[in-house]
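*Asks:* The structure's right below; bear with me while I get my questions together.
Coordinate-derived values only; no laboratory data. Keep in mind it's a predicted model, so treat the numbers as computed, not measured. Glycine also receives a Cβ, built like all others from the backbone with ideal geometry; neighbour counts cover every protein chain displayed.
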Amino acid sequence: MSVGSVLEGVKDLYGIVLFFRDNCVDDDLYEALDRVLRMIEEFLMSSDVSEEKAKDFMNELYSFVRSNPLTKFLSIYVRDYVTA
């Protein structure tokens with residue numbers, strides 16, 4: 001998997017999470033989704049993105065969303081990019 005394809009996947013995930021965050025009514029869920037968005041933004045803004053760092057980030061993101069009951073549903077989206 002190339003860095004470009006991982007970055008496209010991360011951008012896709014950002015859009016998915018943004019959609020859910022902007023349409024949720026629960027404050028706790030909003031905060032949890034906002035944390036995921038911040039993680040993605042920090043990764044996208046980093047200047048030294050390599051294939052290895054991209055894979056590490058996707059694995060970190062997958063672990064994070066699975067560990068939080070409020071964001072666990074996102075793991076089905078992240079998993080597709082981790083296993084690709």
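*Asks:* Report the extension gain between ASP27 and GLU52 in nm, rounded to one decimal, defined as 0.36 nm multiplied by the number of residues separating them, less their alpha carbon distance. Mind showing how you got there, number by number?
*Replies:* Details: separation 25, 0.36 × 25 = 9.00 nm, distance 3.47 nm.
So the extension gain works out to 5.5 nm.
*Asks:* Can you put VAL82, VAL10, VAL25 in order of Cβ neighbours within 10 angstrom, beginning with the fewest?
*Replies:* Details: VAL82 16, VAL10 21, VAL25 6.
Fewest-to-most Cβ neighbours within 10 Å comes out as VAL25, VAL82, VAL10.
*Asks:* Note down the net charge around VAL65, summing +1 for each Lys or Arg and -1 for each Asp or Glu among other residues with Cβ under 12 Å from its Cβ. Intermediate results must be reported in sequence, preceding the final value.
*Replies:* Details: positive: ARG35, ARG66, LYS72, ARG79; negative: GLU60.
Once all neighbours under 12 Å are counted, the net charge is +3.
*Asks:* Another question about this same structure. Okay, helix-only estimate at 222 nm for the chain: each DSSP H run of n ≥ 4 adds -39500 (n - 2.57), divide by all residues, round to 500 deg cm²/dmol; what do you get? Before the final figure, lay out the partial values.
*Replies:* Working: 4 runs with 64 residues, N = 84.
For the chain, the value works out to -25500 deg cm²/dmol.
*Asks:* If you compute semi-axes √(5λ) of the Cα gyration tensor in Å for the structure shown, which of (1) 22, 13, 11; (2) 21, 16, 11; (3) 23, 16, 10 do you land on?
*Replies:* Identified label for the calculated read-out: (1).
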